[in-house]
Amino acid sequence: MSEHLSQQEAQAFLQLTQKFSRQTIRPVMSAEFSDGDLSKIPKIFEQADAAGLLASSENTYGIWGKDLEQNSGLSLQMLALLAESCAGTATCFHFRGLAENATYLLDTDIEKSALALQESFGLPFAGHLKNPGAYHAVKWETRLTKQDGQWILKGGKSFVYLPPDTKSLLVLAQREDQWVWLNLPLHTQKLLRTEVLPRTGLRACRVEHLHFDQIPLENDTVLSGPKAADTLHNILILNWLGLSAIGLGTARRALASAKDYARQRYQGGSLINEHDAIRGLFAGAETNIQTVDALLNAWNAVTEWTLTQVRQAAMLKWQAMRLLSVAVTDSLQTMGGYGYMEDYGMEKRLRDMTVLKAMAGSPLYLKRLISGLEEDV
Amino acid sequence: MTQDRLEQLKLPAARQNMNRIGRWLTDVRPLTIWERDNRTLSYGERKWRKRARQFAQEVIRPVAIEADLNHHRYDPRPLLREAAGRGFLSLLFTPPLGRASILPFLRSAVMQTALIGEEFSVESGGIGLQLMAHYLGIAPLLLSGHLPSILRHFAPLHMKAMTRNPVLMAFAITEPSAGSDVEDTEGGAAARLITTAKKTNKGWLLNGRKVFISNGALAQKITVFAKLKGEGLESWTCFLIDKKMNGVSVGRQERKMGQRPSDASEIILEDVFVPSRNVVGKLRAGWAINRNVLNYSRSVVGAMALGQARGAFERTLAFCRETNLGPKRLIDYQDVQLELADMLIRLWAARALVWHSCGELRSNQAAASAAKVFATDTAWEVSNKAVELMGDHGYVQTNGVERGLRDARLAQIYEGTNQINRLALIEQQWEAEIDKNTTGA
């Protein structure tokens with residue numbers, strides 16, 4: 001069992017994260033490549049594991065470690081700090097943590113896994129959430145069927161984020177009218193993988209499409225049970241919170257960089273941070289960032305992970321991304337042409353924000369979910 | 001049964017219950033917005049718009065993705081030669097000096113370039129910029145109004161641009177410490193400029209640096225603005241330089257988020273001797289020429305941004321048309337339709353303002369700035385919506401939608417940031433309406 005961290009301990013952990021972000025991740029981002037030297041991401045991951053930033057069965061304090069009731073706020077702050085240096089790297093940490101949390105909820109001890117949630121049409125709709133078979137309008141594609149006494153997996157997954165060193169997949173599938181999770185080693189036969197390239201942003205984290213070409217499954221592969229649906233709800237919530245935190249860190253750093261630039265650059269004979277046009281953009285960006293920070297802080301004390309929270313997390317992701325995108329693009333605007341050039345890092349932040357906004361639940365999807373869940377909650 | 005009733009209630013069927021005049025008054029022709037807009041144009045404008053769309057679809061579209069993703073390996077010269085041969089680089093004047101249609105040109109000097117700029121940018125913002133930046137480079141030669149500059153330089157260069165062997169031009173105003181300053185009156189008064197022209201025997205010696213010059217590496221000739229030695233920005237003078245001149249070199253080429261096929265380069269000038277005959281316009285007329293060039297080009301920049309967003313929209317629409325969600329295509333869902341409608345409305349409104357700003361022969365600072373701001377901000381919003389509508393598919397670069405977003409973002413920055421352009425509008429309207437005491441009027 002994990003123990004509740006004291007305030008001092010939590011603070012020390014955040015300082016460690018900040019130090020790791022600045023000293024280990026940021027130098028890699030300053031390389032000649034617009035997205036940093038991506039070949040170094042696996043090494044960063046190893047170092048993060050050694051530093052205790054990644055959750056595992058033994059480390060409950062890493063990002064999305066077991067004890068969410070005590071430490072979910074800490075994970076959000078850690079993700080934001082990591083994203084200040086690179087949103088793509090923070091995304092790797094986030095998805096590894098999500099999978100780790102899911103295995104905990106499913107009462108298994110699989111390590112180094114990644115989540116395979118999305119179908120070709122995207123995430124589950126409101127009608128799927130309790131019972132995948134109940135929503136006939138859009139059929140779930142990844143299914144288990146029994147043939148000659150053996151379970152066979154068919155279907156596919158889209159836009160699966162794979163952190164470095166991933167060994168297996170946690171696949172969300174439908175068996176009859178129930179949700180089940182499957183533990184599928186990454187190198188399973190008949191698992192066809194296609195890398196999604198090239199992408200606008202978050203390039204530090206590999207993304208793949210998967211196709212399950214009638215894969216025969218052993219019984220111990222299926223991690224079903226009463227917790228399967230709860231785990232799905234939990235994962236959806238954490239995913240949207242975590243991505244929002246990554247957006248927060250990205251925007252925070254964008255604003256800080258823009259302010260640094262504005263303190264050094266002249267226009268019309270005075271520093272640009274003395275111009276109303278610039279100060280207005282900064283004020284708007286800071287307001288948006290503070291608003292999202294406050295919204296995320298409200299989740300620190302949440303102890304329930306039901307459909308009500310799924311709905312609220314969807315609202316948060318939708319609005320947080322909207323506000324943070326404006327903060328990033330306005331920060332970029334204050335730098336004029338330099339903001340658009342790769343050397344200043346600002347355009348990367350904008351590209352990353354664009355992906356964060358569209359991925360794992362676009363605004364249209366989130367609106368549908370929020371309205372679809374209204375009666376359920 | 002319900003479907004039958006629904007069809008009967010739609011206007012094309014319902015109008016059959018009207019008399020002939022009533023039917024005629026009810027326009028239900030299945031025209032695209034592009035076709036409807038086309039009908040408001042003159043014959044000459046329609047001709048160039050149609051040709052440009054065809055060129056964009058046949059010539060630009062096949063290379064657009066590769067030119068964006070692997071722009072270092074992309075050789076733009078064959079496309080530029082083809083565009084020139086078809087007359088797309090010579091619409092800044094009418095025959096015999098150029099290929100602009102005469103009557104529409106007399107109503108608006110830039111409408112025809114705005115029309116083709118939108119069409120090219122639908123397929124590629126970067127290639128669109130590559131083609132249109134040539135106009136920016138050659139425009140000072142004409143807009144100086146200086147007959148020797150027009151006869152000596154503009155006429156031969158513009159005529160050459162009608163052939164398959166054009167002399168490509170670029171426009172160089174921005175300096176390392178002066179971006180917005182050279183696009184705004186108040187900024188200009190305190191600008192920190194380094195590019196200087198010193199008088200010598202039979203000419204001028206230019207020293208300094210220009211940065212972010214679109215087509216700076218590709219162009220053969222550049223209109224460069226420099227202050228006279230010992231004086232300030234008020235002495236700015238326009239010089240026509242040839243890249244072959246001793247002392248001219250291309251420095252750093254910027255790595256940009258979008259519009260990548262077109263280079264943004266540093267131009268280094270080290271004791272470049274420029275003969276007096278290459279002074280464009282009068283000495284010290286450079287600031288006015290520069291501002292006026294921007295006033296003419298900002299509407300075109302608006303049109304290009306509009307094209308970039310239209311491209312993103314069209315590709316998203318195709319995705320929504322071809323993708324099923326459950327039993328229906330995406331375009332059959334009402335919430336998707338609302339998003340698509342919103343994008344179409346914004347694009348249509350932006351085009352209306354761009355075209356309105358091109359409504360007179362002489363360009364107007366307020367109208368041009370308004371069109372630039374509104375169209376580029378709209379382009380940013382629409383291309384964001386296009387990416388969002390496609391969800392995760394929106395950020396896959398080969399789908400071509402996020403490219404519109406990356407391209408459109410630059411349009412909010414170059415040719416004066418949109419903040420600078422808002423202030424340019426106020427400056428222009430200050431005396432006439434902003435600071436006018438209307439009490440008792």
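The values are calculated or read from the model by the stated rules, or taken from the named source; none is laboratory data. Every value quoted in this text rests on a predicted model; they were computed, and no experiment measured them. All Cβ positions, glycine included, derive from the backbone under ideal geometry; neighbour counts span all protein chains shown. Side chains included, ligands, DNA and RNA excluded: accessible areas come from the protein's heavy atoms. Shrake-Rupley method; radii C 1.70, N 1.55, O 1.52, S 1.80 Å.
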*asked:* Looking at region A:92-103 only, could you name the residues that are open to solvent by 10 Å² or more (accessible area, probe 1.4 Å) and in contact with a helix residue (DSSP H, G or I) (Cβ under 9 Å, 6 or more places away or on another chain)?
replied: A:Phe95, A:Arg96
*Identify, from the list B:Arg315, B:Arg310, B:Arg321, the residue that is farther than 21 Å from B:Glu118 by Cβ, at pLDDT 95 or above and assigned to a helix (DSSP H, G or I).*
B:Arg321
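Take B:Glu58 and tell me if it is under 21 Å from B:Thr398 (Cα atoms), loosely packed, with under 13 Cβ neighbours inside 10 Å and either out of contact with any strand residue (DSSP E or B) (no Cβ under 7 Å at 6 or more places or on another chain) or modelled with pLDDT of 95 or more (or both). Spell out the reasoning first.
Details: under 21 Å from B:Thr398 (Cα atoms): yes; loosely packed, with under 13 Cβ neighbours inside 10 Å: yes; either out of contact with any strand residue (DSSP E or B) (no Cβ under 7 Å at 6 or more places or on another chain) or modelled with pLDDT of 95 or more (or both): yes.
Judged against the criteria, B:Glu58 is a match.
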*How about region B:93-131: which of its residues are open to solvent by 20 Å² or more (accessible area, probe 1.4 Å), aliphatic (A, V, I, L, M) and assigned to a loop (DSSP other than H, G, I, E, B)?*
B:Leu97
_Filter pass, B:Ile434 being within 12 Å of chain A (Cβ to nearest Cβ), without any contact (Cβ under 8 Å) to a residue 40 or more places away in the chain and under 23 Å from A:His275 (Cβ atoms)_ = no
_Subset of region A:125-140 [loosely packed, with under 15 Cβ neighbours inside 10 Å and not in a loop (DSSP other than H, G, I, E, B)]_ = A:Ala134
*What are the residues in region B:211-241 that are buried (at least 24 other Cβ atoms within 10 Å of the Cβ) and in contact with a Phe, Trp or Tyr (Cβ under 6 Å, 6 or more places away or on another chain), if any?*
B:Thr223, B:Val224, B:Phe225, B:Trp236, B:Cys238
_Filter region B:390-406 down to the residues that are open to solvent by less than 20 Å² (accessible area, probe 1.4 Å) and within 11 Å of chain A (Cβ to nearest Cβ) and list them by number._
B:Met390, B:Gly391, B:Asp392, B:Gly394, B:Tyr395, B:Val396, B:Gln397, B:Val401, B:Glu402, B:Arg403, B:Leu405, B:Arg406
*asked:* If B:His153 meets every condition in (1) of a type outside the set (Asp, Glu); (2) touching a residue at least 60 places away in the same chain (Cβ under 8 Å); (3) open to solvent by 10 Å² or more (accessible area, probe 1.4 Å); (4) closer than 12 Å to B:Ala84 by Cα apart from one, which number is that one?
replied: (4)
_I need the full set of residues from region A:337-364 which are open to solvent by 10 Å² or more (accessible area, probe 1.4 Å) and either more than 20 Å from the chain's Cα centre (by Cα) or more than 8 Å from chain B (Cβ to nearest Cβ) (or both), in order please._
A:Gly337, A:Tyr338, A:Glu342, A:Asp343, A:Tyr344, A:Gly345, A:Lys348, A:Arg349
*Go through (1) surrounded by 20 or more Cβ atoms within 10 Å (Cβ to Cβ); (2) within 17 Å of the chain's Cα centre (by Cα); (3) more than 13 Å from every other protein chain (Cβ to nearest Cβ) one by one and return the number of the condition A:Trp318 breaks.*
(3)
_Being more than 11 Å from chain A (Cβ to nearest Cβ) and either without any contact (Cβ under 8 Å) to a residue 40 or more places away in the chain or touching a strand residue (DSSP E or B) at 6+ places or on another chain (Cβ under 6 Å) (or both) narrows it down to one residue among B:Ile331, B:Ile413; which is it?_
B:Ile331
